[in-house]
Every structure is written in C-alpha cells, then in structure tokens.
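In what follows, a structure is listed as structure tokens, so that the remarks can point back to it.
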Amino acid sequence: MQLTLFQWDLIAVGKGCASLARLDFGDARSRFAGVLNDLPGHAEALRGMWDLQFWEDVFREMEGMAPEFVPGFLWEKITGFPFENSENYQALRRNLLRRLLALLDDRPTFYAPPDLCSGYLHLLLGDYPAAETRLRLLIGCLPENGRLQGYLADALYMQGRTEIAAAVYAKALLLAPHEVAVETMATGPWWPLLKNTARPWRRSMVFCKDFCPWWSRERNRSAGKAGRMNCCGRRNRQDASAISGPWWRPAAI
C-alpha cells in the first residue's frame, strides 16, 4: 500500500522510460503526461518528456529527408545525445543503433568517415562475428584505412582471437597511426602502453616491439644481416635494403 501511495510516480516514469527505450513514443508520452498532470514539477517525468520530444522530432525530421542523408543525420543525433548509464537509457541507445543498422542493410559498404558503417555498429552492439564480416567487406574497398583496420582488430580481440587481433592492430598503426581510434583498444593488454605514447608514429613502434613477436624476430634478423655486411665493408644499397626492407610488414590477415 505504501508503494502505491507514495511511489506510483516512480513506477509510472519507469514504465515511460521503458516505452521510450522501445521507441514506443505514444505509450511513453501517456506515462509521462499522467505524472505531470498530478505533479507538474516532477523532475524525472520532465526529463523523460524532454527526451521523448527530442527523439520524436528526430524521427519526424527523418521522414521528410532524402534517404541518402538519413543515416548520417541519425548517427549525428545518437552520438550527440547524453545517454545515462542506466538500463533504460542503454536500451534506448541499442535500439536506436539497431534502427540505424536497419537503414544500412542493403548498403553493406556504406561508409561515412570517420566511424559510420555497419561493421562499427555491429561492434557497438556486441555482435563481433557480424562486425568482423562487415568490416572485412568494407576494408576490401578501403584497404589503407587505419581506423577500420583498428575496429576489425577490436572485433577479433573480443572473439578471443588475440594474436590475430594484435597483428591487425599493428597493421592499422603502421598504415595510418593518426587514424586509429586508440581509445577503443582499452580492452587489450596494450592499452596502458599506448595511452602514454602521444605521437601516432611512435605508437606503431611501441606496439609492434612489445606485442608482435615477428617484429623483434625479423628486425633482429635484418639487423644481423646488415651488421655482417658492414663488417665486410660492403656499405651500399644492400645495407639500406636490409635495414629498411619489408621486415615490418605483417602477413596477410
């Protein structure tokens, strides 16, 4: 009885937030409005109503927009919205990402730099095999995009394929270190090392030296070859080739 008398508003707001998370705008509006009719200054109901009106406006604007502009517009709104770390807010975020992903179903190689593509959306939703598949497809069109390579490495790492992920991270850092979203690598053992390495070009050397066995092995082999040449007095182009040759390139992933 005490719950019914004194906490009915919290229950109603909670149900409204759950409806909003499902993108059921009509039910959410009725829940929030019911609380505000009796308690006009109710902070949580006001916040819920504000969120509702925001997303209603977004979807209304999408309806009158040319299809090619809709994904970027919705992505901009999602990335700019202040989602709280609560169950309903995170459910709302996931459902919005799924809605955006549905818009890209028939456009598997759609890419709006720096992040918007179906592979990255799958990554955010925790569907790592699907993220890997879509990212590989897109990387086939953009093989030198370091950021996409980094996201592919994230998807591989989250599937427990650590060694392959490390090789792909290295490839990403070597191809385009300034493009890689290093902050997304926080799940790996390499994050503490990289976060203190400010210069992008240094990150590739630090990462490969510590986490890629082929780096040290091949570099030592090349250095040894160069040393033997120097001892013989043959300081020519072969020395430079031995030192700066393709020893750093990982095998095809």
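The values are calculated or read from the model by the stated rules, or taken from the named source; none is laboratory data. The structure presented is a predicted model; accordingly, all values stated were derived computationally and were not measured. Here the Cβ is made from the backbone with ideal geometry for all residues, glycine too, and neighbour counts use every protein chain on show.
Within segment 80-88, one or more residues are under 18 Å from Arg29 (Cα atoms) and at pLDDT 95 or above. Working carefully through the options Glu56, Glu68, find the one that is without any contact (Cβ under 8 Å) to a residue 60 or more places away in the chain and out of contact with any Phe, Trp or Tyr (no Cβ under 6 Å at 6 or more places or on another chain). None of the others qualify; the one that does is Glu68. Restricting attention to segment 162-171, which residues are more than 14 Å from Leu123 (Cβ to Cβ) and either without any contact (Cβ under 8 Å) to a residue 60 or more places away in the chain or surrounded by 20 or more Cβ atoms within 10 Å (Cβ to Cβ) (or both)? Result: Thr162, Glu163, Ala166, Ala167, Tyr169, Ala170, Lys171.
A quick yes/no check of all residues on (1) under 17 Å from Asp9 (Cα atoms); (2) basic (Lys, Arg); (3) touching a His at 6+ places or on another chain (Cβ under 7 Å):
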residue	(1), (2), (3)
Val35	yes, no, yes
Glu44	yes, no, no
Arg47	yes, yes, no
Glu76	no, no, no
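Only residues that are outside any loop (DSSP other than H, G, I, E, B), more than 22 Å from Pro113 (Cβ to Cβ) and either modelled with pLDDT of 80 or more or hydroxyl-bearing (Ser, Thr, Tyr) (or both): list them for segment 171-197, please. Across segment 171-197, the qualifying residue is only Thr187. Ala112 passes every criterion in (1) among the hydrophobic types (A, V, I, L, M, F, W, C); (2) surrounded by 14 or more Cβ atoms within 10 Å (Cβ to Cβ); (3) touching a residue at least 24 places away in the same chain (Cβ under 8 Å) apart from (2).
Scan segment 131-151 and tell me whether some residue there is surrounded by fewer than 14 Cβ atoms within 10 Å (Cβ to Cβ) and at pLDDT 95 or above. Among the residues of segment 131-151, at least one is surrounded by fewer than 14 Cβ atoms within 10 Å (Cβ to Cβ) and at pLDDT 95 or above, which makes the answer yes.
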